[in-house]
Amino acid sequence: MRGMRDPIFMAAGICLVLLMVLPLGTMLLDLLQLGLPHLGLDFLLEAPRDAGRAGGVAPLLVSTGWILLVCMAAAVPVGLGCAVFLSEWLSPGSAASRWIGLSLDILSGVPSIVFGLFGYQVFAITLGMGFSILSGGLALACMVLPLLVRTSQQALAAVDVRYRDAGRALALTKTGMLGRVVLPSAAPGLAAAVVLATGRALGETAVLLFTAGYVMRMPDAVTDSGRALSVHIYDLAANVTGGLERASATALLLLALILLTTLGLHYSARVWQKRMLALGG
Amino acid sequence: MTDRVVRLLSGLMAICAAAVLLLIMAEMARAAWPALTRVPVSEWLLSAHWSPSGGDFGLASMLAASLLTSAGALLIAGPAGVVLGAWMHLAAPGWLRGGLRTLQGLMAGIPSVVYGLWGLITLVPLVNTVAPPGAVMLTAILVLALMILPLSVLVTDAALSQIPDQALQSARALALSRWGSFRSVLWPRARAAIVSGIVLQFGRALGETMAVLMVAGNVIRWPDSLTAPVRTITANIALEMGYASGLHLEVLYLSGLLLLVAVALMMGLIQRGAGNL
Amino acid sequence: MRGFLTAASFAALLLLAGCSGGNETKLVITGSSTIAPVMADIASDFESANPGIQVNVQSGGSSRGIADVERGTADIGMASRDLREEESHLNQHTFARDGITMIVHADNPLDSLDTETVRRLYLGEIDSWAAMTDYDEPVSVVHKSEGRATLAVFLAFMELDNDSVRPDLVVGENQQAIQSVAGNPGAIGYVSIGAAEHEAGRGVSIKPVALDGVSPDPEAVASGEFPLTRNLNLVTDGEVGEAAQQFLDYVGSQASDERIRDHFFIPVNDAAS
């Protein structure tokens, strides 16, 4: 690229980089300034007091965790199963494959508030779950499904063809091939799929407003209403005077969690894959 | 034997996954049906008068607000994203390119409620100094633009990466500048992928709820000015869902159905354009 | 592998623990954002006195409370207005009185407004505070969204209909209104007196102003002198469960009066009839 003269383009690029980085920088600075003083161990271990102006977010961490668990418990089997079917039993150009793909692609564009409406109507009202972690988790599962399927598909497709060849040479059944060759070697990619979905689910708010509800108490069961961290940020910012500081602290916590899931699962999946392959499957 | 079982199970899962969309569409249509029969299209689509307690269900001003804020955000973030993506791909030093890619990936993962929080803390007071009360359409457009910028860049970057190096070599042989090579050589090839990626972002902006709910002002009025507060369809659903009942609730479902159909059509068109249908 | 299995079984255990269900009776109370804070306090007193009953209070607006009670998603609704004719099949339990006051930013020098001026402000006829006093700020009118009882009572008193109001900002909860006015030097809004007194006491930059010469004090509300007042009600549908009845009795009794006064409302047991 040396020798191409383009001062305007270079200048434009640098301007745009600044345009993107500056707001992000101020966002982090503002959040840190307002929220960091309140981020301590007690923030993580205490319950909220005074409508959230004081205290911490301990029950909300539990609620958020349960919502994620319900979400993944529903979405992973369906998503992985679908990806396996698409990758192992359907040929990529087939009509079925294209229609399923289209359905999932459109689903990935559906607005989150529509998932909220759907979740409210089907899970909360029709299936009688009311405002509960269960309703929220299931609605969220519908939302992350396309992402899970697509990234799982990619992971399965990325399995080195030599592994599959070796499996065939050993006359493994399709199931055997899956269990001993494909899934283990696709493991990091599959874990990445779950990670991506978790990160996405952690940030969702609109879906949960009318499914999981607003209750700040420590939940006793998945049938209880529970407030997720993202919903808490919204409530504190928009509805509670003097809530901006704890809203910022919660936002920092949420960002840290999203970052952690990304790093943590990548690492553990890599370790698992090494072990699986070293042991010969 | 196990093969058949596994095939059956996974096939079942695939059907479930594909059925979710149909279920959502069916359920939204069912819930909105009474509104469709009792409120004429001329009212809900074309009337700007929304007053549920008075029996007026005109969605027009909110539809316009949704479309205009998303279009505004796209106008800023679309070109900026493409130029930045091209710059990153052609002109940026390797370390910067990698760093920016990571940064954009991270930005894409920031929840919308956090963008909304930032809008509330920083942007609204800022806009307030030139356009009180600060929570106005302009603020919503700016926040949305920031939200869709990273993905617009990444889409451009990905599309350009698909083009074989050969094309770039020929541009260099012709002694084209970086911008010139982008414009004449790379853009024509990458255009389809980039445009469809950007249109996807429009759909995303259209469906955004939390960020606009927190910064747009939420006043129901025709969006005739950047410095006036507006209410989008999504914010309206979030605000009124809690207490709406009867026909009011059904019209809210109708507005959700509208959104759903609009996005589905957009995505279908993109797929058609990408040659997948 | 072992690590993965341990993690998976731990997760499954957590989930199963979640399915065990509590063995307490749970009451769900939703509705008016005016009533929610005092009801939350009363509820925690009630819980201490009655272990085994859990009371969850959530706001969302008076219309939400009434709607939830009707469709069974809440046991008790909170409404900061009286039930209308079409709602008369429900039961109303008045437990306190409250007033609605106009609030302006703390820097605004005005101390009193009359009804006519408020009407003109909300009709969008006055652009700047400079027209009325030594304060050069543009007027920002903060209005409540539909479904809020505070809105309904305000409009009825001011003889305005919602379509003619020209708001600059529409909010939901009382808290949001207070937040918005505190954040904007030119803002004016209306909120529950109880909420305003509570927040002004915390040092939030709002100032309640007198209406037609009457200062918005709880005493003026109790004596009936303050013109813009309303009932604070709990709403139920038909027969209620035992726990709900216990709670209703508790709220109606003198045991909750102190909490009510703490929030600057007038317990119905005190009010001059």
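The values are calculated or read from the model by the stated rules, or taken from the named source; none is laboratory data. Because the structure is a prediction, the values reported are computed rather than measured. Virtual Cβ from ideal backbone geometry, glycine too; neighbours counted across all protein chains shown.
The set of residues in region B:226-248 that are touching a residue at least 12 places away in the same chain (Cβ under 8 Å) and of a type in the set (A, V, I, L, M) comprises B:L226, B:A228, B:V230, B:I233, B:A235, B:I237, B:A238, B:L239, B:A244, B:L247. Going through A:L61, A:L80, A:L86, A:L69 one at a time, which residue ends up being more than 20 Å from the chain's Cα centre (by Cα) and either at pLDDT below 95 or away from chain B (no Cβ under 14 Å) (or both)? Exactly one residue qualifies, and that residue is A:L86.
Just so you know, in region C:83-117 the residues that are more than 14 Å from the chain's Cα centre (by Cα) and acidic (D, E) include one that is surrounded by the fewest Cβ atoms within 10 Å (Cβ to Cβ), and it is C:E85. Taken over region A:242-260, the criterion of being crowded, with 20+ Cβ neighbours inside 10 Å, assigned to a helix (DSSP H, G or I) and not aliphatic (A, V, I, L, M) is satisfied by A:R246, A:S248, A:T250. Just one residue in the set B:L63, B:L68, B:L75 is within 19 Å of the chain's Cα centre (by Cα) and surrounded by fewer than 16 Cβ atoms within 10 Å (Cβ to Cβ); that residue is B:L75.
With respect to the conditions (1) under 29 Å from B:A235 (Cα atoms); (2) among the aromatic types (F, W, Y); (3) more than 12 Å from chain B (Cβ to nearest Cβ), A:Y163 lacks only one, and its number is (1).
Of all residues in region B:174-186, those being assigned to a helix (DSSP H, G or I) and either within 12 Å of chain A (Cβ to nearest Cβ) or crowded, with 18+ Cβ neighbours inside 10 Å (or both) number 8. Among residues of region B:8-26 that are at pLDDT below 95, those with a beta-carbon under 6 Å from a residue that is among the polar types (S, T, N, Q) and assigned to a helix (DSSP H, G or I) at least six positions away or on a different chain give the pairs B:A18/A:S103; B:L21/A:S103. The set of residues in region A:108-122 that are hydrophobic (A, V, I, L, M, F, W, C), buried (at least 24 other Cβ atoms within 10 Å of the Cβ) and assigned to a helix (DSSP H, G or I) comprises A:I113, A:V114, A:F115, A:L117, A:F118. Taken over region C:214-228, residues that are surrounded by fewer than 20 Cβ atoms within 10 Å (Cβ to Cβ) and assigned to a loop (DSSP other than H, G, I, E, B) amount to 5.
All told, B:R272 falls short of being over 26 Å from B:A92 (Cβ atoms), outside any helix (DSSP H, G or I) and either facing chain A (nearest Cβ under 8 Å) or basic (K, R) (or both).
Against the list (1) touching a residue at least 24 places away in the same chain (Cβ under 8 Å); (2) within 12 Å of chain B (Cβ to nearest Cβ), the condition A:T175 fails is (1). I'd like the full set of residues that are modelled with pLDDT of 90 or more, surrounded by fewer than 20 Cβ atoms within 10 Å (Cβ to Cβ) and at the interface with another protein chain (Cβ under 9 Å from one of its Cβ atoms), limited to region B:27-58. Once the filter is applied, which keeps residues that are modelled with pLDDT of 90 or more, surrounded by fewer than 20 Cβ atoms within 10 Å (Cβ to Cβ) and at the interface with another protein chain (Cβ under 9 Å from one of its Cβ atoms), region B:27-58 yields B:E27, B:R30.
The conditions of being more than 12 Å from chain B (Cβ to nearest Cβ), touching a Phe, Trp or Tyr at 6+ places or on another chain (Cβ under 9 Å), part of a loop (DSSP other than H, G, I, E, B) and at pLDDT below 90 are not met by A:V181. If we keep just the residues of region A:102-118 that are over 15 Å from B:L259 (Cβ atoms) and either without any contact (Cβ under 8 Å) to a residue 40 or more places away in the chain or among the small types (G, A, S) (or both), which is nearest to the other protein chains (Cβ to nearest Cβ)? That would be A:S103. Being surrounded by fewer than 19 Cβ atoms within 10 Å (Cβ to Cβ) and touching a residue at least 40 places away in the same chain (Cβ under 8 Å) is the filter here, so list the residues in region C:251-260 that pass it. Selection gives C:G252, C:A255.
Taken together, the criteria place B:A192 among residues that are in contact (Cβ under 8 Å) with a residue 24 or more places away in the chain, of a type in the set (G, A, S) and surrounded by fewer than 24 Cβ atoms within 10 Å (Cβ to Cβ).
When A:G35 is tested against (1) at pLDDT below 95; (2) away from chain B (no Cβ under 14 Å); (3) under 21 Å from A:V231 (Cα atoms), exactly one condition is not met: (2).
The number of residues in region B:78-95 being assigned to a helix (DSSP H, G or I), more than 8 Å from chain A (Cβ to nearest Cβ) and more than 24 Å from the chain's Cα centre (by Cα) comes to 3.
The rows are residues; the columns are (1) buried (at least 24 other Cβ atoms within 10 Å of the Cβ); (2) at pLDDT 90 or above; (3) of a type in the set (V, I, T).
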site	(1), (2), (3)
B:S112	yes, yes, no
B:P125	no, no, no
B:V130	no, no, yes
B:V136	yes, yes, yes
B:L142	no, yes, no
B:L151	no, yes, no
B:I163	no, no, yes
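Identify, from the list A:D220, A:D165, the residue that is part of a helix (DSSP H, G or I), without any contact (Cβ under 8 Å) to a residue 24 or more places away in the chain and acidic (D, E). On inspection, the qualifying residue turns out to be A:D165. Of the residues A:D30, A:D6, the single one that is within 9 Å of chain B (Cβ to nearest Cβ), under 26 Å from the mean Cα position of the chain (by Cα) and surrounded by fewer than 21 Cβ atoms within 10 Å (Cβ to Cβ) is A:D30.
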